[in-house]
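Contents: one structure, followed by commentary.
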Amino acid sequence: MYVNTVVPGITASGDDTNYGSSATRDIECLQALSRRIHYGKFVAESKFQDPSTHDEYVRLIKEKNRDRLMELLTNSRVEEQLLKRLKAKALIYGQDLSSASLNPDGSINASGRALLGLNSLSASSSEVSDDRVKTRVDYDLVVSLYRDYVIPLTKEVEVEYLIHRLDKS
């Protein structure tokens, strides 16, 4: 996933010969992904402690029913909301502000207005440009990484945590 999807999606092709810096950034990125995925343990514990579903979790854990645990853990509505918030954050925090240009009088020009999302604030919907906001990282890539990798891996961690939740220490 990381080498075949993440790296090509966030870097320019070619060799920049910055091997040390690249390795450091790769480690930081992989650690952040791991940390985010392993938050699933806390989510699973929270769901396990919910009085409305606690008994069902206990029964499914005792049965080692991974498929049914996955179904019980999954809340598609929450996942969709997460992906929408993630896209909004990627659009806002991932903007390349260096491409926002000023007119000679100091006002923001059309490309800067589009970049900053200002067109929709002052223009009618028919006047708003369909140009994609320029970001440092493709926000659709970020959403697809979460949808296709982070969320499923997080849920796998949740199931694995729950399967061992009742083990005696």
Of all chymotrypsin sites (Phe, Trp or Tyr not before Pro) in the stretch 1-55, the ones in DSSP coil with at most 15 other Cβ atoms within 10 Å are Tyr39
In straight Cα distance, which lysines are under 20 Å from Lys41, not counting same-chain residues fewer than 8 positions off? Lys62, Lys64, Lys155, Lys168
Which of the trypsin sites (Lys or Arg not before Pro) found in the stretch 1-101 are in a DSSP loop and have at most 12 neighbouring Cβ atoms, other than their own, within 10 Å? Lys64
List the lysines whose Cα sits under 20 Å from the Cα of Lys87, skipping any in the same chain fewer than 8 residues away. Lys134
Arg165 long-range amide H proximity, modeled H, under 5 Å: none
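Each reported figure results from applying straightforward, stated rules to the coordinates on display, with no laboratory input. Quick caveat, the model's predicted, so the values are computed rather than measured. All Cβ positions, glycine included, derive from the backbone under ideal geometry; neighbour counts span all protein chains shown.
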